[in-house]
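Colleague: Pasting a structure here, questions to come.
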Amino acid sequence: MKRQTPNLREVLDLVSFKKPELDGTKRRLDAALTIEDLRRIAKKRTPRAAFDYTDGSAEGEISLARARQAFQDVEFHPSILHDVSKVDTSTTIFGGPSALPFGIAPTGFTRLMQTEGEEAGAGAAGAAGIPFTLSTLGTTTIEGVKAANPTGRNWFQLYVMRKREISYGLVERAAAAGFDTLMFTVDTPVAGARLRDKRNGFSIPPQLTVSTVLDTATHPAWWFDFLTTRKLEFASLTETGGTVGELLDYAMDPTIDYADLAEIRAMWPGKLVV
């Protein structure tokens with residue numbers, strides 16, 4: 001192999017210097033290549049109680065682990081020598097279009113994690129052309145989600161409460177706002193024991209203790225958002241207080257049955273998903 005004196009011009013042809021990204025949020029998100037990367041960012045930048053509320057589930061979280069394992073067990077079997085120059089991921093879900101075969105599921109108390117909450121989720125769903133679902137326990141109103149996603153597909157997840165008139169009012173508001181699908185949710189007639197929340201002393205509204213203050217102090221950006229934005233509360237459920245489980249016990253009715261489903265079906269003009 002014949003050696004030569006390094007030629008700076010040739011070296012510069014092989015490498016390039018990346019312009020630094022000064023926007024910290026964009027820099028972090030650009031570096032996040034997987035959902036797990038996003039989870040690690042959230043865990044680092046969010047107080048423990050808020051993160052565990054979003055990341056956790058009930059009891060020993062066995063069902064959560066099994067659900068994740070089920071997705072990991074899905075295998076793709078590639079088919080070769082087929083023209084894949086044009087790929088179309090769009091499909092029809094509940095009678096309407098979706099650019100991808102999934103949407104954003106309902107999550108309660110969304111603004112606890114990030115102050116934009118459901119407005120950001122609905123706007124992102126609209127931009128991606130997929131459905132967005134607002135939780136009964138959401139922190140943005142039905143009308144606020146509609147404003148954030150005015151032309152996209154908005155769904156509403158309904159828990160039937162002990163005070164039926166509250167649930168009926170939410171159904172009427174979602175219909176008036178043009179939500180096209182109602183998710184009649186029956187998985188929580190009785191609240192599960194969310195052990196992470198109990199251990200963290202997590203409640204709604206948040207109750208400050210020495211440990212929570214110390215934990216929050218290490219997350220100044222979250223604390224700043226919490227103090228300088230509108231009050232963190234359930235937008236559709238104003239009677240709050242206690243742990244998440246206690247709230248669910250108050251709001252959810254263990255007596256719901258097929259008669260309640262029929263009542264909601266008669267009220268709702270769009271698609272109904274149980």
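Colleague: Can you pull out every residue in the range 196-220 that is open to solvent by 50 Å² or more (accessible area, probe 1.4 Å) and among the hydrophobic types (A, V, I, L, M, F, W, C)?
Modeller: Narrowing the range 196-220 to residues open to solvent by 50 Å² or more (accessible area, probe 1.4 Å): 196, 198-199, 205, 207-211, 213-214, 217-218, 220.
Once the filter is applied, which keeps residues that are open to solvent by 50 Å² or more (accessible area, probe 1.4 Å) and among the hydrophobic types (A, V, I, L, M, F, W, C), the range 196-220 yields Leu208, Val210, Val213, Leu214, Ala217.
Okay, residues lined up against (1) in contact with a His (Cβ under 9 Å, 6 or more places away or on another chain); (2) open to solvent by less than 90 Å² (accessible area, probe 1.4 Å); (3) under 25 Å from Thr216 (Cβ atoms):
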| site | (1), (2), (3) |
| --- | --- |
| Pro6 | no, no, no |
| Ser16 | no, no, no |
| Glu36 | no, yes, yes |
| Arg45 | yes, no, yes |
| Gly56 | no, yes, yes |
| Leu64 | no, yes, no |
| His77 | no, no, no |
| Thr91 | no, yes, no |
| Phe109 | no, yes, yes |
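Colleague: Now for a different question. Among the residues of the range 111-121, what is the count of those that are touching a Gly at 6+ places or on another chain (Cβ under 8 Å) and open to solvent by 40 Å² or more (accessible area, probe 1.4 Å)? Even if it seems obvious, please write down each step before you answer.
Modeller: Going residue by residue through the range 111-121, those that are touching a Gly at 6+ places or on another chain (Cβ under 8 Å) are 111, 117-119.
Among the residues that remain, those that are also open to solvent by 40 Å² or more (accessible area, probe 1.4 Å) are: 119.
The number of residues fulfilling the criteria is 1.
Colleague: Here's something else I'd like to know. Taking the stated definitions as given, is Leu137 in contact (Cβ under 8 Å) with a residue 40 or more places away in the chain and not aromatic (Phe, Trp, Tyr)? I'd like the intermediate steps shown before the answer.
Modeller: Details: in contact (Cβ under 8 Å) with a residue 40 or more places away in the chain: yes; not aromatic (Phe, Trp, Tyr): yes.
Yes.
Colleague: Being in a loop (DSSP other than H, G, I, E, B), closer than 29 Å to Glu61 by Cα and touching a residue at least 40 places away in the same chain (Cβ under 8 Å) is the filter here; which residues of the range 176-192 pass it? Please lay out each step first, then the result.
Modeller: If we filter the range 176-192 for residues that are in a loop (DSSP other than H, G, I, E, B), which is where we start, we get 177-180, 185-192.
Narrowing further to those that are closer than 29 Å to Glu61 by Cα: 185-192.
Correct list: Thr185, Val186, Thr188, Pro189, Val190, Ala191, Gly192.
Colleague: Just give me the residues in the range 44-94 being among the small types (Gly, Ala, Ser), assigned to a helix (DSSP H, G or I) and closer than 30 Å to Phe224 by Cα, in sequence order.
Modeller: Of all residues in the range 44-94, those among the small types (Gly, Ala, Ser) come to 49-50, 56-58, 60, 63, 65, 67, 70, 79, 85, 90.
Next cut, assigned to a helix (DSSP H, G or I) only: 49-50, 63, 65, 67, 70.
If the condition is that a residue be among the small types (Gly, Ala, Ser), assigned to a helix (DSSP H, G or I) and closer than 30 Å to Phe224 by Cα, then Ala49, Ala50 are the ones that fit.
The values are calculated or read from the model by the stated rules, or taken from the named source; none is laboratory data. Quick caveat: nothing in here was measured; it's all calculated off a predicted structure. In this analysis, Cβ positions are derived from the backbone assuming ideal geometry, glycine residues included, and neighbour counts consider all displayed protein chains. Surface areas here come from the heavy atoms of the whole protein model, side chains and all, with no ligands, DNA or RNA. Shrake-Rupley method; radii C 1.70, N 1.55, O 1.52, S 1.80 Å.
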